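S.K.: Structure in structure tokens, see below.
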Amino acid sequence: MESPTLESKRKPQHRTSLTQSKLLDAAILEFSERGYDATTIRDIEKRADVQRGLAHYHFGDKEKIWKEATSKLFREISQYRNLRSEVAEDLSVREKLSLRIRSFVRFSASNPELNRLMLQEGKYKSWRTSYIVENFLQENLKELRQLVSEISDIPDDVFFHWYYFFIGGGAHLFSTWPEASELFSIKSEATNEETIKRHGR
């Protein structure tokens, strides 16, 4: 049996971790839907259903919350991609690229906030755009460019357009699912397995 001291220490740690997770999840939703400037710390606390002042207590100011929330979102897609890539070791280069595309589609279906956040931040040059590019996108772009170059010797200017077809085509449907489902009278959710499979082909 664990000592009462150890047990008493774990409970506050668990509550702290849970509160931080709720705040970051709420921040991702708020920033992706409303944008950085229109989102307040209080908006995040209300959405997370936590007491006033807890966001500042755990993370500091809005800039720090945004960085933590954005890092969490990109960390999740990186972990998801790494998990999927474990099965790709024996695949051909073309099959690896196909898996990369399908993985991105599947993640985007379950996490439309990623593309919504990118649309919010990609509209203007700002410290947030630079933060995303420097910390997350550049390395991913380098890996993807290497993968594509092993299949085709397309020049950089053509790859530039291919990249945004890949990103837009893979994610846009799921970040605008309310419009798509209304336009095509679709009753299922964006996470419908058949929809994801068809879109990733």
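S.K.: Please specify each residue of the stretch 26-48 satisfying the condition of being surrounded by fewer than 17 Cβ atoms within 10 Å (Cβ to Cβ) and in a helix (DSSP H, G or I).
M.R.: E33, R34, R42, K46
S.K.: Continuing with this model, one more query. Return the residues of the stretch 49-88 that are surrounded by 13 or more Cβ atoms within 10 Å (Cβ to Cβ), free of Cβ contacts under 8 Å to residues at least 40 places away in the same chain and among the β-branched types (V, I, T); say none if nothing qualifies.
M.R.: V50, I77
S.K.: Take R94 and tell me if it is basic (K, R) and surrounded by 15 or more Cβ atoms within 10 Å (Cβ to Cβ).
M.R.: Values: basic (K, R): yes; surrounded by 15 or more Cβ atoms within 10 Å (Cβ to Cβ): no.
When the stated conditions are applied, R94 does not pass them.
S.K.: A follow-up question, please. Which pairs do you get when a residue that is under 25 Å from L117 (Cβ atoms), found in the stretch 2-26, comes within reach of a residue that is modelled with pLDDT of 70 or more and β-branched (V, I, T), reach meaning Cβ atoms under 7 angstrom, with the pair 6+ apart or on two chains?
M.R.: T19/V50; K22/V50; L23/I44; L23/V50; A26/I44
S.K.: Also, I was wondering about something else. Taking the stretch 165-201, which residues are surrounded by 10 or more Cβ atoms within 10 Å (Cβ to Cβ) and hydroxyl-bearing (S, T, Y)?
M.R.: Within the stretch 165-201, S175, T176, S181, S188, T191, T195 qualify.
S.K.: Working only within the stretch 157-201, note down all residues that are assigned to a loop (DSSP other than H, G, I, E, B), of a type outside the set (A, V, I, L, M, F, W, C) and farther than 13 Å from N115 by Cα. Before you say what the answer is, go through the steps one by one.
M.R.: Let us first name the residues in the stretch 157-201 that are assigned to a loop (DSSP other than H, G, I, E, B), namely 176, 184-192, 200-201.
Imposing the further condition that a residue be of a type outside the set (A, V, I, L, M, F, W, C) reduces the set to 176, 185, 187-189, 191-192, 200-201.
Scanning the stretch 157-201 gives S185, K187, S188, E189, T191, N192, G200, R201.
S.K.: From the set of residues in the stretch 129-142 that are out of contact with any Phe, Trp or Tyr (no Cβ under 6 Å at 6 or more places or on another chain) and surrounded by 13 or more Cβ atoms within 10 Å (Cβ to Cβ), which is farthest from S71 (Cα to Cα)?
M.R.: As a first pass, look at the stretch 129-142 and keep what is out of contact with any Phe, Trp or Tyr (no Cβ under 6 Å at 6 or more places or on another chain): 129-135, 137-142.
Of the ones still in play, those that are also surrounded by 13 or more Cβ atoms within 10 Å (Cβ to Cβ) are 129, 131-133, 135, 137, 140-141.
Details: T129: 13, Y131: 10, I132: 9, V133: 12, N135: 9, L137: 12, N140: 14, L141: 17 Å.
By that ranking, first place goes to L141.
S.K.: Next question. Residues R81, R116, R106: which one is under 30 Å from K64 (Cα atoms), modelled with pLDDT under 90 and either part of a helix (DSSP H, G or I) or among the polar types (S, T, N, Q) (or both)?
M.R.: Only one candidate qualifies: R81.
S.K.: Suppose we filter the stretch 84-100 for residues that are in a helix (DSSP H, G or I) and over 18 Å from H199 (Cβ atoms); how many remain?
M.R.: Step one: of the stretch 84-100, the residues in a helix (DSSP H, G or I) are 84-85, 93-100.
Among the residues that remain, those that are also over 18 Å from H199 (Cβ atoms) are: 85, 93-96.
Residues flagged as in a helix (DSSP H, G or I) and over 18 Å from H199 (Cβ atoms) within the stretch 84-100 amount to 5.
S.K.: Here is a further query. Kindly list, by first and then second residue, each pair from a residue in the stretch 162-191 that is in contact (Cβ under 8 Å) with a residue 60 or more places away in the chain to a residue that is polar (S, T, N, Q), limited to pairs with Cβ atoms under 6 Å and residues at least 6 apart or on different chains.
M.R.: G170/S108; A171/S108; A171/N115; F174/S108; S175/N115; T191/S110
The values are calculated or read from the model by the stated rules, or taken from the named source; none is laboratory data. Treat the numbers as computed from the prediction; the structure is a model and nothing was measured. Every residue, glycine among them, receives a Cβ derived from its backbone with ideal geometry; neighbour counts consider all protein chains shown.
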